[in-house]
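These notes are about the structure you will find just below.
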Amino acid sequence: MKIGIVCYPTFGGSGVVATELGKALAKAGHQVHFITYQQPPRLDFFNENVYYHEVNIPTYPLFQFPPYESALASEMVNVAMNENLDLLHVHYAIPHASAAYMAKMILRAQGRYVPVVTTLHGTDITLVGKDASYEPVVTFSINESDGVTAVSENLRQDTYAHFNIKREIEVIPNFIDFQRFSRQKKDHFKKAICPNGEKLIVHTSNFRRVKRIDDAVEVFYKIQKQIPAKLLLVGDGPERARIEKLCRELGIYEDVRFLGKLDAVEEVLSVADLFLMPSENESFGLAALEALACEVPLITSNAGGLPELNVQGVSGFLSNVGDVDDMVKNALYILDDANLQTFKHNALERAKDFELSKILPMYEAYYERVVQESGAAVS
Ligand code: GMT
């Protein structure tokens with residue numbers, strides 16, 4: 001198949017899933033055309049089946065806000081026509097699904113029907129999409145997509161609850177590539193960070209309020225009162241300065257390292273003992289899946305789709321959002337040397353349920369169904 005993929009070319013979860021999916025589809029023999037305003041960070045290799053088309057957004061003194069959506073729709077039309085695309089797969093509803101609708105209508109007027117699959121990732125539904133400023137457009141463009149997928153059953157239900165959706169939504173979860181995410185031997189790294197055998201706790205996110213990083217810091221603060229431990233925070237974003245200040249106020253700044261937007265997350269996860277994800281909302285929790293694949297058990301909230309990933313008492317524990325004391329109690333249980341190895345083993349076993357080789361065929365089968373149902377012929 002010839003597939004156009006539209007995504008945010010950032011380190012965010014939706015961009016990562018879109019890029020990794022495109023790479024896997026290309027390896028499986030499909031021709032994949034990425035259409036974005038910048039080269040996605042993980043698209044840093046050569047493959048004969050991968051193409052990249054940059055969206056050019058001309059500026060003009062009249063534009064206070066450059067019309068990205070129009071430029072994107074135009075590029076989708078150009079790529080679909082020139083490359084004879086069979087399907088467009090857009091990741092994150094805003095503004096990709098509505099730009100895709102526009103592109104589809106233009107193509108139809110030129111006698112080409114190119115079906116559109118929209119994947120809902122999380123905040124496009126649970127946070128931003130619900131806002132009255134976007135809601136009518138999000139509802140319309142989901143209903144007008146030829147196929148819609150959500151990354152968890154919870155996100156699927158949330159979409160039905162908050163938008164007037166008249167079409168079926170297919171659940172296709174996030175996936176993990178064990179070729180990249182698996183525990184590596186990095187003893188020297190562990191020794192450097194935890195010279196006295198401290199337990200190593202990790203949180204990775206884009207440092208937005210929805211991640212409740214204060215809770216992660218407070219959990220660490222209370223763990224550290226009981227056992228020697230260190231905290232690594234990977235990522236960056238609007239909450240960074242506030243969280244640094246909190247660490248100073250709690251007097252734990254020396255035991256917390258801010259690593260910024262580190263690309264080689266798997267190296268940090270390879271030496272971790274516990275991963276914290278206390279999010280207010282989390283449609284799936286890709287970062288937590290990456291931790292599981294590196295044999296790191298989880299302490300998470302029970303928000304959103306997290307119960308579909310983290311198995312209570314097996315791969316880790318789940319607590320109510322904001323219940324720091326429960327998280328601390330469970331964390332200490334996992335970190336007990338009598339239990340830690342079992343949890344690490346279980347973490348890996350759980351991650352295997354989301355192995356790329358299991359999820360990729362779900363997307364391929366879905367594409368085929370959508371193309372068939374839309375009546376468009378595959379080139
Ligand atoms: O909010 C983020 O963490 C980034 C966001 C995105 O769309 O870039 O991530 C969402 O999509 C990921 C991939 O499907 C999911 O694993 C994350 O759980 C989801 N984030 C939230 O729901 C907060």
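The values are calculated or read from the model by the stated rules, or taken from the named source; none is laboratory data. Fair warning: this is a prediction, and the values are worked out from it, not measured in the lab. Cβ: placed from backbone, ideal geometry, glycine included. Neighbour counts: every protein chain shown. Side chains are part of the model used for accessible areas, which takes the heavy atoms of the whole protein and leaves out ligands, DNA and RNA. Shrake-Rupley method; radii C 1.70, N 1.55, O 1.52, S 1.80 Å.
A few points about this structure:
- Once the gyration tensor of the Cα atoms in the chain is diagonalised, the equivalent ellipsoid follows with semi-axes of 39, 21, 20 Å, ordered largest first.
- Model label sites at Arg180 and Asp336, defined 7 Å from Cα along the beta-carbon direction, differ in position by 3.7 nm.
- Glu69-Glu153 pseudo-label distance in nm [points 7 Å out on the Cα-to-Cβ vector]: 3.4
- Under 21 Å from the Cα of Lys211 - lysines, other chains or at least 8 residues apart: Lys130, Lys222, Lys230, Lys245, Lys261, Lys329
- Estimated from the Cβ-Cβ distance and a Förster radius of 35 angstrom, the FRET efficiency linking Arg112 and Lys358 is about 0.55.
- Along the chain, counting only GluC sites (Glu not before Pro) with a DSSP assignment other than H, G, I, E or B and at most 14 other Cβ atoms inside a 10 Å radius, the longest segment between sites is 169-379.
- Modelled FRET efficiency - R0 25 Å, Asn78 with Arg167, Cβ distances, 0.05 increments: 0.35
- Phe258 versus Thr59: modelled label distance in nm, points set 7 Å from Cα along the beta carbon direction: 2.9
- The residues of the chain have, on average, 42 Å² of accessible surface per residue, using a 1.4 Å probe with all protein chains present.
- Accessible-area order (highest first, 1.4 angstrom probe) of the listed residues Leu318, Leu231: Leu318, Leu231
- When the alpha carbon gyration tensor of the range 187-354 is reduced to an equivalent ellipsoid, the three semi-axes, largest first, read 21, 18, 16 Å.
- Residues of type lysines that Lys2 reaches as a straight line, Cα spacing below 24 Å, ignoring anything fewer than 8 places off in the same chain: Lys23, Lys27, Lys104, Lys358
- Solvent-accessible area, 1.4 Å probe, carbon plus sulfur percent, for the chain: 49
- Within the assembled protein chains, the solvent-accessible surface assigned to Thr159 is about 0 Å², based on a 1.4 Å probe.
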